[in-house]
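Just below is one structure, and these are the notes that go with it.
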Amino acid sequence: MAEDTKDRPAASGAPGTAWNDPKVPGLRLRYLATKAVYYLSYRTKTGKQRAYKIGDFRFVTLTSARTNAKDVLARVAKGEDPAGEKAEIASRPDIDQLRTWHLERHAETKNKASWREDVKALYINHIIPHLGPKMAVADVEESHIEALHHKMRATPNQANRVAACLHKAFNLAEKWGWRPRGSNPVHVERYKERKRKRLPQADEAIRLLIALNAMRETDPHFVGLVELLCFTGARLTEIMSARWEWVKADGLHLPDSKGGEKILPLSTLARDVLKDIPRLRGNPWIICGRLHGRHMVNVSKPWNRLMAAANITDNLVRHDLRRFFASAGISGGLTLSGVGNLLGHMDPQTTKRYAFLLTGAAQEMANTAAEQVKEIMTGGGKVAVLRR
């Protein structure tokens, strides 16, 4: 269609003034400081005055502006309110706002620090890239969640965490009035999670301890951290963020562990490790970091150096030391419930994951490893004494 040039408005005018179209009632071109914009003014059937933005003069022709304006007026005649609908859509909470409110209004006060960080990472790495930051919370459907969950099928544990995070998020969205009650779109069938059963083999345990001993002079706090993980079965963050003042006669008092406040028993070996860890003046933390007065926050680099020195290449991670502690306890005759108490598990079902360690092969391996470690620690054989 050819451009309608009759009564065509000027491209610019004094800011604050407007050109009124003589053909379409209510259509006008408003002159702003830097541009001119077509608007349509109309009144709804309920008497509300509206201004519907049609588009920038530089990109919308007069003919297109008139056509769009007539379409809007036709909808108004039917009782609709296009401008009000557009404003409602623009003001609806989106996924980015859901992330902000989830963290600030729930996670900050209801979740532990470790899970708060996980929630933040799940939004940044998975949820927002898939759904988009501007997608309206009210528009998310079960198919969107199912697609995200399926996309993460190669990492089932992480996929299930995303589903759990979103289930909570949409429950909160209902509470905040962003979605109707009972409309939570998270109904995916969780993947069967892979239970990690990796722990140091007999020869790996020997090499690990030898390599650790070689790092004692240069990285005493990292060495102390790893030894405490081995001799207590504690979680990494529990030891890494522990203070000297928490060490008591009955154990290490943790005011806020994953399972809540608890006392971590300290064996003789663990207390010997504590004696060897240097105390830094002005630093209350047991495992000191590089920054003055702060505890260690990232152990990836020293851990990688340790793995390289011990020639361990088969994906041994820090949390495996916790299973190593459990296997040593079971090989020494402890019951699963006894090991669970040492590990601070609140749910007995959590400890049952170590049941596979009771197989004959694992039992024999653990016994062999224990004898080898005992020989090293007491100075026997050809290996130097590990502990002073």
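Within the range 134-183, how many residues are free of Cβ contacts under 8 Å to residues at least 12 places away in the same chain, among the hydrophobic types (A, V, I, L, M, F, W, C) and not in a loop (DSSP other than H, G, I, E, B)?
1
This table checks each residue for (1) in a helix (DSSP H, G or I); (2) under 26 Å from Ser241 (Cβ atoms); (3) among the β-branched types (Val, Ile, Thr).
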site: Leu73; (1), (2), (3): yes, no, no
site: Glu80; (1), (2), (3): no, no, no
site: Gly84; (1), (2), (3): yes, no, no
site: Gln97; (1), (2), (3): yes, no, no
site: His106; (1), (2), (3): yes, yes, no
site: Glu117; (1), (2), (3): yes, yes, no
site: Ala121; (1), (2), (3): yes, yes, no
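Just one of the numbered conditions (1) touching a Leu at 6+ places or on another chain (Cβ under 9 Å); (2) over 18 Å from Phe170 (Cα atoms); (3) not charged (D, E, K, R); (4) not assigned by TED's automatic domain parsing to the domain that holds Leu32 is not true of Asn68; which one?
Only one criterion in (1) touching a Leu at 6+ places or on another chain (Cβ under 9 Å); (2) over 18 Å from Phe170 (Cα atoms); (3) not charged (D, E, K, R); (4) not assigned by TED's automatic domain parsing to the domain that holds Leu32 is unmet by Asn68, namely (4).
If I ask for residues that are without any contact (Cβ under 8 Å) to a residue 12 or more places away in the chain and either in contact with a Leu (Cβ under 8 Å, 6 or more places away or on another chain) or part of a loop (DSSP other than H, G, I, E, B) (or both), which ones from the range 290-306 would you list?
Answer for the range 290-306, where residues must be without any contact (Cβ under 8 Å) to a residue 12 or more places away in the chain and either in contact with a Leu (Cβ under 8 Å, 6 or more places away or on another chain) or part of a loop (DSSP other than H, G, I, E, B) (or both): Arg290, Leu291, His292, Gly293, Arg294, Asn298.
Among the strands (runs of 3 or more DSSP E) contained in the range 4-50, which hold 3 or more residues that are under 24 Å from Gly84 (Cα atoms) and among the hydrophobic types (A, V, I, L, M, F, W, C)?
Ranges flagged: 36-43.
Conditions tested, residue by residue: (1) touching a helix residue (DSSP H, G or I) at 6+ places or on another chain (Cβ under 9 Å); (2) over 24 Å from Lys112 (Cα atoms); (3) outside any helix (DSSP H, G or I).
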site: Ile210; (1), (2), (3): yes, yes, no
site: Asn213; (1), (2), (3): yes, yes, no
site: Thr218; (1), (2), (3): no, yes, yes
site: Phe222; (1), (2), (3): yes, yes, no
site: Leu225; (1), (2), (3): yes, no, no
site: Ala234; (1), (2), (3): yes, no, yes
site: Glu238; (1), (2), (3): yes, no, no
site: Leu254; (1), (2), (3): yes, no, yes
site: Ile263; (1), (2), (3): no, no, yes
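Can you work out which of the residues in the range 275-302 that are in contact with a strand residue (DSSP E or B) (Cβ under 6 Å, 6 or more places away or on another chain) and within 22 Å of Ala249 (Cβ to Cβ) is surrounded by the fewest Cβ atoms within 10 Å (Cβ to Cβ)?
Pro284
Could you tell me whether the range 188-195 includes any residue that is at positive phi and surrounded by fewer than 17 Cβ atoms within 10 Å (Cβ to Cβ)?
No, because not a single residue in the range 188-195 is at positive phi and surrounded by fewer than 17 Cβ atoms within 10 Å (Cβ to Cβ).
When the residues of the range 81-116 are narrowed to those that are small (Gly, Ala, Ser), under 25 Å from the mean Cα position of the chain (by Cα) and over 17 Å from Asn171 (Cβ atoms), which ends up modelled with the highest pLDDT?
Filtering the range 81-116 for residues that are small (Gly, Ala, Ser), under 25 Å from the mean Cα position of the chain (by Cα) and over 17 Å from Asn171 (Cβ atoms), the one modelled with the highest pLDDT comes out as Ala113.
State which residue pairs qualify: first residue closer than 22 Å to Asn111 by Cα and inside the range 239-267, second residue basic (Lys, Arg) and modelled with pLDDT under 90 in any location, beta carbons under 8 Å apart, and separation of 6 or more residues or different chains.
Pairs found: Leu254/Lys262; Asp256/Lys112; Ser257/Arg235; Lys258/Lys112; Lys258/Arg235.
The values are calculated or read from the model by the stated rules, or taken from the named source; none is laboratory data. This structure is a prediction, so every number in the text was calculated from the model and none was measured. Heads up, the Cβs are rebuilt from the backbone with ideal geometry, glycines too, and the neighbour counts pull from every protein chain shown.
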